[in-house]
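Quick one: this structure, given as structure tokens, is what I'll be asking you about.
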Amino acid sequence: MEYSEAEKPPTIQIVAEGPYFVTGGIELEDTERGKGASFEHYALCRCGHSQNKPFCDGKHKQANFADPGVF
């Protein structure tokens with residue numbers, strides 16, 4: 001997915017065999033973010049292997065995460 005500077009409507013997408021991809025400035029409460037982190041878009045872990053929960057760090061690829069019930 002490619003990010004653009006244009007504002008997007010609030011959306012949550014399930015990425016096949018990957019995270020929830022959140023765009024449109026949906027606020028995530030009770031979560032700290034690192035310096036420079038985006039508040040407009042972010043990815044949330046679905047596989048349970050991320051070392052940066054609740055955010056995705058790409059570990060779903062190494063874990064061969066699959067969710068056959070979704071797609």
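Spelling out what I want: for every residue of segment 57-68, take phi, set θ = phi - 60°, compute 6.51 cos²θ - 1.76 cosθ + 1.60 (Karplus), and round to whole Hz; glycine and proline get x.
Once θ is set to phi - 60°, the couplings for segment 57-68 become 10, x, 5, 4, 5, 5, 7, 6, 4, 9, 10, x Hz.
When only C-alpha pairs under 8 Å and at least 6 residues apart count, what is the relative contact order of the chain, in percent?
Relative contact order for the chain comes out at 27 percent.
Compute the semi-axes of the equivalent ellipsoid of the chain, taking the square root of 5 times each eigenvalue of the Cα gyration tensor, and list them largest first in whole Å.
Its equivalent ellipsoid spans semi-axes of 21, 15, 10 Å.
What size of dipole, in debye to the nearest 20, comes out for the chain about its Cα centre when the only charges are +1 on Lys and Arg C-beta atoms and -1 on Asp and Glu C-beta atoms?
300
Sticking with this one: May I ask you to sort Ser50, Ser38 by Cβ crowding, counting other Cβ atoms within 10 Å and putting the fewest first?
With the fewest neighbours first, Ser50, Ser38 line up as Ser38, Ser50.
Listing Leu28, Leu44 from the residue with the fewest other Cβ atoms within 10 Å to the one with the most, what is the order?
If I rank by nearby Cβ atoms, fewest first, I get Leu28, Leu44.
Ok, one more. Fewest Cβ neighbours within 10 Å first, please rank Glu40, Glu29 accordingly.
Going from least to most buried by this count: Glu29, Glu40.
Values quoted throughout were computed directly from the atomic coordinates according to the rules given, and no laboratory measurement underlies them. Fair warning: this is a prediction, and the values are worked out from it, not measured in the lab. Backbone-built Cβ (ideal geometry, glycine too); neighbour counts: all protein chains shown.
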